[in-house]
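K.L.:
So that we are looking at the same thing, I have put the structure below in structure tokens.
Bear in mind that the values in this text are calculations on the coordinates, not laboratory data. Remember, it's a predicted structure, so these values are computed and weren't measured experimentally. Neighbour counts are summed over all protein chains in view; Cβ atoms, including those assigned to glycine, are modelled from backbone coordinates with ideal geometry.
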Amino acid sequence: MSNYYEVLGISKTASAEEIKKAYRKKALQHHPDKNQGDPKAEKSFKEISEAYEVLSNTQKKDVYDRYGEEGLKGGAGMGGHQGGYSSMDEALRTFMGAFGGGGGGGGNESIFESFFGGGNAPSRGGAQAGSSKKVTITLSFEEAACGTEKEIAISTYQPCASCKGRGSATAEGLKNCKRCQGSGQVVQNRGFFSMSTTCPDCHGEGKIITNPCKDCSGSGRFKDKRKVKVTIPPGVDTGMRLRMAGLGDAGESGGPSGDLYVIMDVQPHPFLKRQDDDITILMPITITEAALGCKKEIPTLSGGVCRLTIPEGTQSGKVLRIRGEGIQNVHAQGKGDLLVTLLVETPEKLTEKQKELLRAFAGIENPSNFPARRSFWEKLKSFFPTASSC
Ligand SMILES: [Zn+2]
Ligand SMILES: [Zn+2]
């Protein structure tokens with residue numbers, strides 16, 4: 001075992017930062033994933049990891065500086081350091097420690113990503129599923145309530161038609177990778193452990209393309225805009241999403257396609273409101289309509305007309321419920337109702353003639369015309385005997 005400082009190529013006066021930097025550089029050079037099947041690289045990787053493990057630990061570094069490697073062997077409180085990494089796992093743990101979380105910042109991650117190829121999980125057996133797409137669709141109140149059909153344009157990867165997603169111009173041009181025999185993974189024995197890693201020859205695809213398809217440059221897919229018909233069922237509401245299986249990106253090397261998620265954004269209606277599956281509407285009526293009763297017709301969402309009977313003596317705030325004229329439940333659990341809230345509108349800008357008639361009416365009012373008013377004043381007077389209604 002050579003000197004730890006020499007192993008990392010640094011001087012004895014190197015700072016903690018310099019030690020880390022030197023280790024990272026060397027570890028990336030000698031990492032087993034980059035030097036598959038090279039026992040020399042594996043040995044160096046273990047050595048530099050061991051050197052870093054000692055020199056990055058102030059306590060261990062201190063012992064090492066004073067007594068050399070001997071001082072670390074079996075030393076009390078040294079965590080049972082035996083001198084020399086026996087397993088690759090230990091070395092890999094040190095490696096992960098130096099690159100992973102814990103002091104670093106964005107800079108580390110970029111090294112990490114470029115090293116492991118985008119930070120994606122290694123693919124097994126080659127074919128990778130395509131990613132899923134999200135698309136928001138704007139609907140009017142009526143479209144959401146009654147259902148509709150929409151056409152949307154999406155940009156996705158689609159399987160290349162020329163090579164049927166193979167990536168190779170001909171079927172014969174696609175050969176099983178010799179190194180991994182088509183599995184995409186190579187198994188290495190490291191001490192007690194056997195580790196499988198992505199095959200470096202075929203990058204996990206399991207196949208090697210000898211004559212790439214010209215249309216897709218061997219990727220088996222290409223990006224294109226396409227139109228998709230979306231059938232919106234009746235009863236959808238803002239935030240609901242519709243999954244359209246297989247309409248996301250095509251997979252790589254013939255892998256399965258991702259899905260398309262259509263997210264609903266329902267626009268408000270000028271006078272209809274939604275309350276779960278019920279529709280509510282506020283309907284002003286005149287004082288004479290409220291007092292004498294009347295009939296009204298209101299159009300429904302289903303295109304029909306609903307006849308409403310407003311009885312004599314209807315109070316402001318009364319809610320009339322019209323069964324089944326609400327919104328179709330999106331899970332087909334029946335239909336909601338239409339709730340009409342009546343608002344008695346007090347007349348404004350009266351003419352002299354109108355005022356005269358109202359005054360005349362007031363002269364012949366009797367308390368039983370206004371039961372709520374009468375009971376209010378009766379109650380109030382029982383608490384405040386001096387209260388007066390005029
Ligand atoms: Zn192609
Ligand atoms: Zn291979």
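K.L.:
For Cα pairs less than 8 Å apart in space and 6+ apart in sequence, what is the mean separation divided by the residue count of the chain, i.e. the relative contact order in percent?
P.N.:
After rounding, I find 13 percent.
K.L.:
Also: Near Met264, within a Cβ-to-Cβ distance under 10 Å, what is the net charge of the other residues, with Lys and Arg +1 and Asp and Glu -1?
P.N.:
Taking every other residue near Met264 into account, the sum is -2.
K.L.:
Taking the chain as a Gaussian network, where each spring joins two C-alpha atoms under 10 Å apart, which residue of Lys150, Lys273, Lys40 fluctuates the most?
P.N.:
Per the Cα network of the chain with a 10 Å cutoff, Lys40 tops the list.
K.L.:
Let me ask another. Gain in length, Glu151 to Val228, computed as 0.36 nm per residue apart minus the alpha-carbon separation, to one decimal in nm?
P.N.:
27.2 nm
K.L.:
Here's a follow-up. Calculate, in nm to one decimal, what Lys178 and His203 gain on full extension: separation in residues at 0.36 nm each, minus their alpha carbon distance.
P.N.:
7.8 nm
K.L.:
Provide the FRET efficiency to the nearest 0.05 for the Phe271-Ala161 pair, computing r from the beta carbons and using R0 = 56 Å.
P.N.:
0.65
K.L.:
Quick check on the chain: of the DSSP beta bridges with both residues there, what percent are antiparallel, nearest 5%?
P.N.:
Taking every DSSP beta bridge within the chain, about 75 percent pair in antiparallel fashion.
K.L.:
Related question: May I ask you to derive the FRET efficiency for Lys296 and Gln354 from their Cβ-Cβ distance with R0 = 22 Å, giving the value to the nearest 0.05?
P.N.:
According to the calculation, E is roughly 0.45.
K.L.:
Working from Cα positions, state the angle (0 to 90°, nearest 10) between the long axis of helix 16-30 and the longest principal axis of the chain.
P.N.:
80 degrees
K.L.:
OK, next. Under 24 Å between alpha carbons, and skipping anything fewer than 8 positions from Lys46 in its own chain: which lysines qualify?
P.N.:
Lys12, Lys20, Lys21, Lys25, Lys26, Lys34, Lys60, Lys61, Lys73
K.L.:
Going 7 Å from the Cα of Leu308 in the Cα-to-Cβ direction, what parts of segment 316-345 have a backbone nitrogen less than 18 Å from that spot?
P.N.:
Hits in segment 316-345 for Leu308 at 18 Å: 316-327, 336-345.
K.L.:
Separate question: On a straight-distance basis, which aspartates and glutamates could pair with Lys318 in a cross-link, Cα separation under 19 angstrom, same-chain partners fewer than 8 positions away excluded?
P.N.:
Asp278, Glu289, Glu297, Asp337, Glu345
K.L.:
In nm, what is the difference between 0.36 nm times the number of residues separating Glu90 and Lys34 and their Cα-Cα distance?
P.N.:
So the extension gain works out to 18.4 nm.
K.L.:
To the nearest 10 degrees, how steeply does helix 88-99 sit against the main Cα axis of the chain, on a 0 to 90 scale?
P.N.:
50 degrees
K.L.:
Give me the count of lysine pairs in segment 133-266 whose alpha carbons sit under 18 angstrom apart, restricted to pairs 8 or more positions apart or on different chains.
P.N.:
21
K.L.:
For helix 352-364, report the angle its Cα long axis makes with the longest principal axis of the Cα atoms of the chain; keep it between 0 and 90° and round to the nearest 10°.
P.N.:
80 degrees
K.L.:
What is the order of Leu343, Leu308, fewest Cβ neighbours within 10 Å to most?
P.N.:
Ascending number of Cβ neighbours within 10 Å: Leu343, Leu308.
K.L.:
Enter the Cα centre distance for the pair segment 300-326 and segment 206-243, rounded to the nearest angstrom.
P.N.:
48 Å
K.L.:
Which residue, Ala153, Ala362, Ala332, has the most motion in a Gaussian network model of the chain that connects Cα atoms within less than 10 Å?
P.N.:
Comparing Ala153, Ala362, Ala332 in the GNM, the peak value goes to Ala362.
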